[in-house]
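All remarks here apply to the structure that follows.
The values are calculated or read from the model by the stated rules, or taken from the named source; none is laboratory data. Because the structure is predicted, anything quoted here is derived from the model rather than measured. Positions of Cβ are backbone-derived with ideal geometry, glycine not excepted, and every protein chain shown enters the neighbour counts. Keep in mind that these areas ignore ligands, DNA and RNA; they rest on the heavy atoms of the full protein, side chains included. Shrake-Rupley method; radii C 1.70, N 1.55, O 1.52, S 1.80 Å.
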Amino acid sequence: MDLASPAVLKAIMARYGLRPQHRLGQNFLVDGRVLDAIIAAAGLDSGDLVLEIGPGLGTLTRRLAASAGRVLCIELDRALVTALQETVLAEFGNVEIIHGDANRVDLHKLLTERLSPGRKAKVVANLPYYITTPLVMRLLEERLPLQRLVVMVQREVADRMVSPPGSKAYGALSVAVQYYTEASIVKRVSRAAFLPQPDVDSAVVRMEVRPEPPVDASPEEFFRVVKAAFGQRRKSLANALTALGVTKDAVQEALQAAGIDGNRRGESLSLEEFAALTRNLFPVARA
Ligand code: SAM
């Protein structure tokens, strides 16, 4: 069954009376080469547990099931869960589909219950666009037992994830993704690879979860500083940081001790500079 063929996909949708739900970000992948690139980037073997968010009609799921040990899928649309019985479950015994909202289910529990001791899971998914950023943030911040994420996202979000300090796309998402992972763009994908075609192009991003943060600062305070620095983009760093509830003098002292010019803007700071600033703004928390 080649679900990457638009004709096959359309026939299955007709059989189940399905119409793609725009509000659920249902843009189904219909390009076999893109599927190949995702599978290659995931680097799966028979010991792997894969978490797929939004299996849709199972196009990617079937490929994952053929390469990984076990695939756990979370799909919000009940009608698709029914169709997945035919397109995936009838043929593959190593796939489990959970009907639910990926933003709400207890991912930690679901993964730890299924992982062998000492192993970590991989997330491989063509994500629904309307929740990409909060979902990726959740996957990273909850410190789930994950080794790697290979996800399809809007191209503009992919650029934000990998862009370096000082570039136009650099922001709080870039800092978070680069703090938790080593991220790179695997493949840029045209909107023509989907049915129906979305209004934007996409990209596949691969994120290798770091065993340790790359900089020395308590994550909680580090992200408070990052949030304040990007919270008021048009303000200088010195002004923006007063949102942390610290005095102007304390901000000036911390900036000076960290060797950072307060007239700079948050979008020019590297992760190391954010960490130095955090250590100087919150020295007590480190004791
Ligand atoms: N994996 C399929 C493919 O590549 O063709 C479908 C990908 S489609 C971009 C996104 C999928 O995520 C849809 O099946 C949609 O119903 C599902 N979805 C949307 N919101 C969701 C949520 N909150 N939790 C779980 N799945 C969701």
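See the values below:
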{"quantity": "Highest to lowest packing among 190-198, 244-252, scored as the average C-beta count within 10 Å", "calculated": "190-198, 244-252"}
{"quantity": "Gaussian network model of the chain, Cα within-10 Å springs - most flexible of ASP159, ASP261, ASP31", "calculated": "ASP261"}
{"quantity": "Selected from GLU141, GLU52, GLU267 as most flexible by GNM, with the chain as the system and alpha-carbon contacts under 10 Å", "calculated": "GLU141"}
{"quantity": "Normalised contact order of the chain, rounded percent, pairs of Cα under 8 Å and 6 or more residues apart", "calculated": "15 percent"}
{"quantity": "Which listed pairs, of LYS10/LYS187; LYS168/LYS227; LYS109/LYS227, have C-alpha distances above 21 Å, in listed order", "calculated": "LYS10/LYS187; LYS109/LYS227"}
{"quantity": "Over the chain: helical MRE at 222 nm, DSSP H runs n ≥ 4 each giving -39500 (n - 2.57), nearest 500", "calculated": "-11000 deg cm²/dmol"}
{"quantity": "Estimated vicinal HN-Hα couplings, Hz - segment 94-101 in sequence order (Karplus 6.51, -1.76, 1.60; Gly, Pro = x)", "calculated": "9, 10, 10, 10, 10, 7, x, 9"}
{"quantity": "Gaussian network model of the chain, Cα within-10 Å springs - most flexible of VAL225, VAL175, VAL204", "calculated": "VAL225"}
{"quantity": "Amide hydrogen neighbours beyond the local backbone of ARG148, cut-off 5 Å, H modeled", "calculated": "VAL123, VAL209"}
{"quantity": "Per-residue ³J(HN,Hα) for segment 83-93, Karplus 6.51 cos²θ - 1.76 cosθ + 1.60, θ = phi - 60°, Hz, x for Gly and Pro", "calculated": "5, 5, 4, 7, 7, 10, 5, 4, 10, 10, x"}
{"quantity": "From the C-alpha gyration tensor of segment 219-281, square roots of 5λ in Å", "calculated": "13, 13, 12"}
{"quantity": "Under-5 Å amide H pairs with VAL186, H placed in peptide plane, nonlocal only", "calculated": "VAL204, VAL205, ARG206"}
{"quantity": "Accessible area per residue in Å² at 1.4 Å probe, computed on the chain", "calculated": "46 Å²"}
{"quantity": "At q = 0.09, 0.10, 0.11 Å⁻¹, base-10 log of I(q)/I(0) for the chain (Debye sum, equal scatterers on each alpha carbon)", "calculated": "-0.48, -0.58, -0.68"}
{"quantity": "Sequence of THR112, THR61, THR133 from largest to smallest accessible area, 1.4 Å probe", "calculated": "THR112, THR133, THR61"}
{"quantity": "Cα centroid of segment 77-154 to Cα centroid of segment 44-69, whole Å", "calculated": "10 Å"}
